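Heads up, the thing below is written out as structure tokens.
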Amino acid sequence: MFGSNNNIAIIYATNSGNTWYVAECIQKALNAKKITADVYQAGECDQKIFTRYKRIIIGSCTWNRKARDAKLEEGHLQDQMETLLAACENGVCKGTRFAVFGLGDKDYTYFCRAADYLENFVKRTAGEQVGATLRVNGFPQGQEKMIEKWAGEIAERL
């Protein structure tokens, strides 16, 4: 199911397709630099993906959900990403280099909070984050140059 350790995995979780769009932009930017990147939706993966790849770019949208008491809770990971990360134990990513991206909206209380969860996942599992986290405000369409620039900088570090 999973590709080569020499490739970069891009793992994303999306509700509306915007995180997928960013993952595709990142893949295109890496391919332009002659770097092979395999793109996976979080729901297609299990924890083994974190042992198959030593270079991973991981991203999620930030979304709101209702708690058991029916109150709206802001700033969560997308469900499939949350399920994937919950299946991983401490230390599973030792030696793995990560880059993180998140999508959000500055009008909400917790802007790109999903990226914070992803950064904490990398630390908790003994991975190494390289470079600054990409935080995309609003719709990514029209922000391709910023995304491609970030991907180019990350490519050199991964």
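The values are calculated or read from the model by the stated rules, or taken from the named source; none is laboratory data. What you see is a predicted model; the values in this text were computed from it and never measured. Cβ: placed from backbone, ideal geometry, glycine included. Neighbour counts: every protein chain shown.
Data overview
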item: Which listed residue, of ILE10, ILE56, ILE35, is touching a residue at least 40 places away in the same chain (Cβ under 8 Å), out of contact with any helix residue (DSSP H, G or I) (no Cβ under 6 Å at 6 or more places or on another chain) and either surrounded by fewer than 23 Cβ atoms within 10 Å (Cβ to Cβ) or in a strand (DSSP E or B) (or both); result: ILE56
item: Those residues of the stretch 133-158 which are small (Gly, Ala, Ser) and within 19 Å of ASP107 (Cα to Cα), in sequence order; result: GLY138, GLY142
item: Filtered residues of the stretch 115-136 (kept if closer than 17 Å to ALA23 by Cβ and more than 13 Å from the chain's Cα centre (by Cα)); result: GLY131
item: Matching residues in the stretch 38-53 - criterion: being buried (at least 19 other Cβ atoms within 10 Å of the Cβ) and touching a Ser or Thr at 6+ places or on another chain (Cβ under 8 Å); result: ALA42, PHE50, TYR53
item: Among residues of the stretch 32-47, those that are modelled with pLDDT of 95 or more and among the polar types (S, T, N, Q), counted; result: 1
item: In the stretch 97-132, the residues that are among the aliphatic types (A, V, I, L, M) and assigned to a strand (DSSP E or B); result: ALA99, VAL100, LEU103
item: Filtered residues of the stretch 118-140 (kept if surrounded by fewer than 19 Cβ atoms within 10 Å (Cβ to Cβ), of a type outside the set (A, V, I, L, M) and out of contact with any helix residue (DSSP H, G or I) (no Cβ under 7 Å at 6 or more places or on another chain)); result: GLU119, ASN120, LYS123, ARG124, GLU128, ASN137, GLY138
item: Long-range neighbours under 6 Å by Cβ, at least six apart or interchain, first residue free of Cβ contacts under 8 Å to residues at least 12 places away in the same chain and over 10 Å from ARG135 (Cα atoms) within the stretch 86-114, second of a type outside the set (Val, Ile, Thr) and loosely packed, with under 13 Cβ neighbours inside 10 Å; result: none
item: Selected residue (only one of CYS112, CYS88 is closer than 17 Å to GLN47 by Cβ and surrounded by 14 or more Cβ atoms within 10 Å (Cβ to Cβ)); result: CYS88
